[in-house]
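Written out below as structure tokens is the structure these notes cover.
The values are calculated or read from the model by the stated rules, or taken from the named source; none is laboratory data. Not measured: the values here are computed from a predicted model. With ideal geometry, Cβ positions are generated from the backbone for all residues, glycine too; neighbour counts draw on all protein chains shown. Each accessible area value is taken on the protein alone, full model and side chains, heavy atoms only, with ligands, DNA and RNA left out. Shrake-Rupley method; radii C 1.70, N 1.55, O 1.52, S 1.80 Å.
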Amino acid sequence: MADWPGAKSIRGSSYKEGKVIETVSIYLKLIKISMKSRMQYRADFFTGIISVIILNAVNLTLIGILVNRFAHLNTWNLWEMVFLYSLWVMGHSIYSLLFWHFNTLEDYLVRGTFDQFLIRPIGVLVQFLGREIQYMGIGDVIVGATGLVLSYSKLGLNWGMFEFSWLIAAILSGAIIELALAWLIACLSFWTGRSVTAYFVMMRLNLMVQQYPVDIFGTWFRVLVTGLIPVAFINYYPTLLLLGKTEQAGGWGWLGMMSPVVALLLLALAMLVWRIGIKRYSSTGS
Amino acid sequence: MRLFWSFTRQAFHNTAVYRFEFWLQLFSVFFMMYSVFWVWKILYKQSPGAFGVTLEQMVTYGILGMALETIFHPGRGPQTYITEQIRSGSIDTDLTKPLDFHVHMFARNFGETIFRFGTLAMPSLAIGYLFLDFRLPASFTNGVVFTISLFLGFMVLFSLNFLLGMLSVVTLDIRSISWAYNALVRFFAGQMVPLWLFPGFVGTLAAVLPFKSIYFIPLSIYIGKMNGIEAWQGIGFQLIWIAVLLLFGRLAWSKVHTRLVIQGG
Amino acid sequence: MIIANQLTKEFKRLKSKEGFMSGIRNLFNTDYAVKRAVDDISFEIQEGEIVGYIGPNGAGKSTSIKMLTGILVPTSGHLEVNGIVPYKDRKTNAKQIGVVFGQKTQLWWDVPVIESLRLLKDIYKVSDQQYKHNLEMFNDLLELDKFYQTPVRQLSLGQRMRADLAAALLHNPKILFLDEPTIGVDIVAKERLRTFIKEINREQKVTVLLTTHDMGDIEKLCSRMMIIDYGQVIYDGSVEQIRKTNGASRTLVVEFEQELEDFAVPRTELVKSEGRKKWYRFNRLEASPSDLITFIGSRYPIIDLTVEEPEVEQMVRTIYERQGQKVGVV
């Protein structure tokens, strides 16, 4: 290959493009084999999806009972609560489908599967990403979609292109924020060897925050879930925007606009920590 | 007795290695208690009458419920142990031990529970008492009966989990079922939302299922919502279900035991 | 080909506290201990060599392999594999090496072997031609086509090892790392694996580094042997050489006409007595077999006798012992 000064820059852009396409294609091939692997367990496929539907149904029922008794939760009526919940679940479903296995990183490290990644001539991340796919995310999709459609009609909403695209953006941002947070927690395995408890703790706390509108809680809480562990950006702030309830949060009401930004920042952070984590793994073993 | 303490000590040592997780869990409990505290506070401001009890009672119920989650987490118990043993193949060693498996599981579960109670539940309750308006039992009698009821609640959860563990031997993977199971148990146990708020059909259902033994009955006794005759009726309910579930547990174990021995683990 | 120079790897391990209230104290523990898993080792391996890498567990074998394959970064020292520094150019190095871990498979567990191979073909960018050619070779030498379609989880250990070897060699790597490849495999399958490795080495000049506990592997495959203990290479040379330097020991096996009471023979050590046979170990530099036979034969009638050479295993054990004495370890 000629190596004259111009060559690098010309090669640069299409080279990068080529690399991206290549990586995506490898990812798809890996996912295909993971799908095939999963399909070997037929029964698990159905029970998983049904189990998740039940799980979400239970959560919604609990909310329903509260609203039934108290007519509303700090001005949030039943369908607004359903909308809040469903918005979260839609984003969560993407996470469940494609990235749920991130929290099992510690298993990969202990069992030597991670070492296998390091021995191959392709990126570690691609291999890790493509390693597993979880069909249970489909259960989340079903619940989330149903919830959104129902609450949309019950609330008498009337959206245009803008709102619908914003909905998509919110869902994607939500998925990315969850992914980034779970990823950061998974990276703990590089340092402490375990991340499972931290992961489940986060999931449990997250559930609490996603189910109830943040304005119920005190200021400390709001600062925590907005500034420190920004899970409020997953569904709370976007919901305020989409349902026109921005007054609920006073001056903070318009933060929903920031969701995509927060998502991308967190993602960048997660990727950075991931890289540092791998470096550490390479120097300290397991 | 020695058996219980050995399992308790084991739990101790494990946590020492995962020290970070300890602090994390403590934080988590506090977070949950805090959330529940606020939810009830706001709702009480909205419609004080709808509770059926005072705000203090409600908050105490909620906080205690969250603290107890550290020991009553449905996802933690004999079923996780059994699944793990089967997966790694070491279930054989359990079979050859000169100890009744049912009892073995109980000792293990109880030991771990005591440990978690002491290290997680108690400190978090202390924090709840200091910062979140957590109250002491409605009366001394209530406190005593509560303790009995709490133990019985543990027994119910244990026997349910044991049955789930037996199921896992047959189906090999209960991970997917576990999520639904955990959610359902928590819901019907009235961990956060007490059962007297459940309307219509759901309420009736919750009243007959065993799950309320785990959180609802002990918690109600504690805050003084269930007193005197009602309290003892609650205890009775728990005892009946314990008997039924343990019986099923033993039946299931004898069937499963034969199966395991034949298949060779 | 492979050059290691003063290669060292240190690990920091948290010192667990014992004793009184150890549980609680460990919650606040920050004490570290430094362990040298690989201690200043140097060696050179030429293209086409088959080198055996043996040592007790915990001696530093897997740590060395991990550094050679680019998984671990050395604490200090220099390491080069075919001109490439593994941990610096992980991906480039990956293209020229193949690795088989005895205990874990690199194949996808629930799908047929052939699917894994096809995916690896894409990952390593193996040309269609090369792929076809290699598959044919694998069918020939490993009988891979007998279980192509079987999911890996249903394979026997021997079959799985064959599949893993095929997977490791699919992209025609220059160097093959084998980590305990024959562990748990039956004799027949072992032979087949060894034949295959020898064949590959012969035909394609693939350099092989093999860690093993199995002396049979060493004797049948390796021209050269490195013994590692406590992170150091305590022996590096040909198998023949080991026999020469440590192989002065011989064992005289005598079968008598009748069962006899044990009796001593000068300059020998009676190591075993069973039925009518007795085993006498001696140093052939100190006592000549013919003298011993004369001594014995003049006292009792001999039916049969053999002179045994020491097994590699025994010689290695001697080396360990001697090393232990040097280091002052019991």
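Charges at C-beta only: +1 for Lys and Arg, -1 for Asp and Glu. How large is the resulting dipole of the protein assembly as shown about its Cα centre, in Debye rounded to 20? Walk me through the numbers before you get to the answer.
Working: 85 positive and 71 negative charges, 318 e Å.
My answer is approximately 1520 debye.
Can you compute the label reach from A:ILE229? Point 7 Å from Cα along the Cβ direction, backbone N cut-off under 11 Å, restricted to segment A:92-136.
The answer is none.
Between C:THR8 and C:ARG284, take the C-beta separation as r, use R0 = 45 Å, and let me know the FRET efficiency to the nearest 0.05. Spell out each step's value before the answer.
Details: r = 40 Å, r/R0 = 0.89.
Efficiency, from the Cβ-Cβ distance: 0.65.
How many angstrom lie between the Cα centre of segment C:43-58 and the Cα centre of segment C:138-191?
21 Å
Taking the Cα centre of each part, how many Å lie between segment C:216-268 and segment B:133-191?
Answer, in whole Å: 65.
Round to the nearest 10 and give me the degree value, 0 to 90, for the angle of helix A:137-154's Cα axis relative to the longest principal axis of chain A.
30 degrees
Under 19 Å from a label point 7 Å along Cα→Cβ of C:SER223: give me every residue in segment C:51-68 with its amide N that close.
Label zone hits: C:51-54.
Could you size up the charge dipole of segment B:2-263 around its Cα centre, putting +1 on the beta carbon of Lys and Arg and -1 on that of Asp and Glu, and report it in debye to the nearest 20?
Values: 18 positive and 11 negative charges, 23 e Å.
About 120 debye.
Taking Cα pairs under 8 Å and at least six residues apart, what relative contact order does chain A come out at, in percent?
Working: 319 pairs, mean separation 64.4, N = 286.
Contact order relative to length: 23 percent.
Whenever you get a sec, compute what percent of the accessible area on the protein assembly as shown sits on carbon and sulfur atoms (1.4 Å probe). Could you put the intermediate results ahead of the total?
Numbers: 24310 of 39850 Å².
Its accessible area is 61 percent carbon and sulfur atoms.
List the aspartates and glutamates whose alpha-carbon lies under 15 Å from that of C:LYS9, not counting same-chain residues fewer than 8 positions away?
C:ASP39, C:ASP40, C:ASP229
Taking each residue in C:121-131, count the Cβ atoms of any other chain within 10 Å of its Cβ, then average. What number comes out? Numbers along the way, then the final one.
Values: counts 0, 6, 8, 3, 3, 0, 0, 0, 0, 0, 0.
Partner Cβ neighbours, averaged per residue: 2.
Angle, helix C:128-142 long axis vs. longest principal axis of chain C, Cα atoms, 0 to 90°, nearest 10?
Taking Cα atoms only, the helix is inclined about 30 degrees.
Checking an interface number: how much accessible area is buried between B and A, summed over both chains, with a 1.4 Å probe, in Å² rounded to 100? Write down the numbers at each step before the final one.
Numbers: alone 13650 and 15480 Å², together 25400 Å².
When B and A are taken together, about 3700 Å² of accessible area is lost.
Per-residue ellipticity at 222 nm for the protein assembly as shown, helices alone: DSSP H runs ≥ 4 residues times -39500 (n - 2.57), over residue total, nearest 500 deg cm²/dmol? Numbers along the way, then the final one.
Details: 35 runs with 532 residues, N = 881.
The per-residue figure over the protein assembly as shown is -20000 deg cm²/dmol.
Net charge near B:TRP38: determine it from the other residues with C-beta under 13 Å of the C-beta of B:TRP38, scoring Lys and Arg +1 and Asp and Glu -1. Present the calculation step by step, with values, prior to reporting the outcome.
Numbers: positive: A:ARG222, B:LYS41, B:LYS45; negative: A:ASP215, B:ASP133.
It works out to a net charge of +1.
Over segment A:144-286, what is the mean sequence separation of C-alpha contacts under 8 Å (at least six apart), divided by residue count, expressed as relative contact order in percent? Display every interim value, and only then the final one.
Values: 121 pairs, mean separation 45.5, N = 143.
The value is 32 percent.
Suppose R0 equals 56 Å; then what is the FRET efficiency for C:LYS272 and C:LYS88 from their Cβ-Cβ distance, rounded to the nearest 0.05? Spell out each step's value before the answer.
Numbers: r = 54 Å, r/R0 = 0.96.
About 0.55, to the nearest 0.05.
Round to the nearest 10 and report in Å² the accessible area of B:HIS102, as given by a 1.4 Å probe over the protein chains' heavy atoms.
Approximately 10 Å² of B:HIS102 is accessible to the 1.4 Å probe.
To the nearest hundred square angstrom, how large is the accessible surface buried between A and C, total for both chains, probe 1.4 angstrom? Before the final figure, lay out the partial values.
Working: alone 15480 and 17830 Å², together 30570 Å².
About 2700 Å² of accessible surface is lost on pairing.
If you line up the long axis of helix B:55-72 against the longest principal axis of chain B, both from Cα atoms, how many degrees apart are they, to the nearest 10?
Rounded to the nearest ten degrees, it is 10.
Pick out, from B:PHE187, B:THR80, B:TYR61, the residue whose Cα sits farthest towards the positive end of the charge dipole of chain B, with +1 on the Cβ of Lys and Arg and -1 on the Cβ of Asp and Glu.
B:THR80
Would you count, across segment B:2-263, every pair of lysines whose alpha carbons are under 21 angstrom apart, provided the pair is eight or more residues apart or spans two chains? Don't jump to the answer; show the numbers that get you there.
Details: B:LYS41/B:LYS225; B:LYS45/B:LYS225; B:LYS97/B:LYS255; B:LYS212/B:LYS225.
Close lysine pairs found across segment B:2-263: 4.
Give the average, rounded to an integer, of partner chain Cβ atoms located within 10 angstrom of each Cβ in C:85-96. It would help to have the intermediate numbers written out before the result.
Working: counts 0, 1, 3, 0, 0, 7, 6, 1, 2, 5, 2, 1.
Per residue, the number of nearby Cβ atoms from other chains is 2 on average.
In segment B:32-74, what residues drop by 40 Å² or more of accessible area when the other protein chains are put back, versus the chain on its own? Use 1.4 Å, and skip ligands and nucleic acids.
B:MET32, B:TYR34, B:SER35, B:TRP38, B:VAL39, B:ILE42, B:LEU43, B:GLN46, B:ALA50
Rounded, prolate or oblate: which one fits segment B:2-263, using the alpha carbon gyration tensor with axes a ≥ b ≥ c (rounded when a/c is under 1.5, else prolate when a/b beats b/c, else oblate)?
On the way: a/c = 1.99, a/b = 1.55, b/c = 1.28.
Prolate, since a/c reaches 1.5 and a/b exceeds b/c.
Give me the percent relative contact order of segment B:2-263, please, defined on Cα pairs under 8 angstrom at least 6 residues apart.
Working: 273 pairs, mean separation 67.7, N = 262.
Reported relative contact order: 26 percent.
Using +1 on the beta carbon of Lys and Arg, -1 on that of Asp and Glu, and nothing else charged, what's the dipole of chain C about the Cα centre, debye to 20? Before the final figure, lay out the partial values.
Numbers: 46 positive and 46 negative charges, 260 e Å.
The calculated dipole for chain C is roughly 1260 debye.
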